[in-house]
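The values are calculated or read from the model by the stated rules, or taken from the named source; none is laboratory data. In this text, all values refer to a predicted model and were calculated from it rather than measured experimentally. Backbone-built Cβ (ideal geometry, glycine too); neighbour counts: all protein chains shown.
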Amino acid sequence: MKRGVTDSFNDAINGLIYAVRTQRNMRIHVLSAIAVLFASLIFQVSKVEILILLIAITLVVASELINTALESAVDATTNYYHPLVKVAKNTAAAAVLVTAINAVIVGILIFWTPITKFTYSSIVLVKSSSPYFAFAILGIVTFMVLYIKAYLGEGTPLRGGMPSGHTAIAFALATMMSFITVNPIVVTLSFIMALIVAQSRIDTKVHTLWEVVAGALLGFATTIIIFRAFGY
């Protein structure tokens with residue numbers, strides 16, 4: 001039976017859905033693309049810059065789809081180890097890596113200036129706050145982590161689950177240090193220590209990258225919001 005254009009279009013959509021559903025790297029690419037496009041709206045990048053971002057995103061997604069197709073085809077026809085199969089898979093993965101590196105470079109070049117300005121504004125905002133709520137904020141962040149973990153039913157209060165409690169507390173402390181002292185070295189070291197805590201949670205496989213990122217945002221944002229809510 002002759003297939004129509006609609007059938008071909010549906011097959012292509014199903015292929016994309018399959019890749020997102022079964023391939024971890026594809027899910028990471030899609031989430032990253034959503035984050036980048038959302039950031040482009042926040043920072044109001046130009047039409048040309050959005051076009052460049054879309055091209056970079058398309059290249060990464062397309063290369064990942066081709067990589068998935070090649071791996072599936074090879075696995076379907078080969079049930080034993082062959083050095084050329086390894087070469088084919090590694091080469092396809094390298095194509096994804098090249099496009100991903102290109103996308104990262106494009107993102108850095110486009111978002112470097114607005115992110116730098118945003119970071120500076122955030123630090124100024126924190127410095128204008130009062131340190132009197134430091135211990136209260138630490139307690140609030142801790143209870144928020146416990147509540148979210150209990151709500152999601154993941155991990156324990158001190159280990160695993162969304163979000164990372166250690167990371168949330170570390171970034172809350174680093175944020176508070178940024179206005180307790182005016183010494184830029186102390187501020188920088190505080191955030192470096194927070195990043196080390198976050199990295200350690202990933203290296204020990206206690207938390208995933210997204211759980212650590214969620215914890216960092218929770219600790220940083222909560223600290224600023226509470227102080228601003230009280231007019232500091």
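Some observations on this one:
- Breaking point among (1) of a type in the set (V, I, T); (2) out of contact with any helix residue (DSSP H, G or I) (no Cβ under 7 Å at 6 or more places or on another chain); (3) at pLDDT below 80, for I224: (2)
- Scanning segment 2-17 for residues that are without any contact (Cβ under 8 Å) to a residue 40 or more places away in the chain and in a helix (DSSP H, G or I) yields V5, T6, D7, S8, F9, N10, D11, A12, I13, N14, I17.
- Tallying residues that are without any contact (Cβ under 8 Å) to a residue 12 or more places away in the chain, surrounded by 13 or more Cβ atoms within 10 Å (Cβ to Cβ) and β-branched (V, I, T) within segment 18-49 yields 2.
Here is a yes/no grid of residues against (1) assigned by TED's automatic domain parsing to the domain that holds A214; (2) at pLDDT 80 or above; (3) exposed (fewer than 13 other Cβ atoms within 10 Å of the Cβ):
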{"residue": "S63", "(1), (2), (3)": "no, yes, no"}
{"residue": "D75", "(1), (2), (3)": "no, no, yes"}
{"residue": "T91", "(1), (2), (3)": "no, yes, yes"}
{"residue": "V96", "(1), (2), (3)": "no, yes, no"}
{"residue": "T99", "(1), (2), (3)": "no, yes, no"}
{"residue": "A103", "(1), (2), (3)": "no, yes, no"}
{"residue": "F118", "(1), (2), (3)": "no, no, no"}
{"residue": "A134", "(1), (2), (3)": "yes, no, no"}
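- For segment 161-182, the candidate set comprises residues that are outside any loop (DSSP other than H, G, I, E, B) and polar (S, T, N, Q); within that set, the residue that is nearest to I202 (Cα to Cα) is T167.
- T167 at pLDDT 80 or above, surrounded by 16 or more Cβ atoms within 10 Å (Cβ to Cβ), over 18 Å from the mean Cα position of the chain (by Cα) and not aliphatic (A, V, I, L, M): no
- Close pairs from segment 124-152: first within 17 Å of I169 (Cα to Cα), partner modelled with pLDDT under 75 and aromatic (F, W, Y), Cβ under 8 Å, at least 6 apart: V126/F179; V126/F227; P131/F179; F133/F227; F133/F230; F133/Y232; I137/F227
- Hits in segment 77-113 - residues which are small (G, A, S) and more than 19 Å from the chain's Cα centre (by Cα): A88, A92, A93, A94, A95
- Selection status of Y151, at pLDDT below 80 and assigned to a helix (DSSP H, G or I): yes
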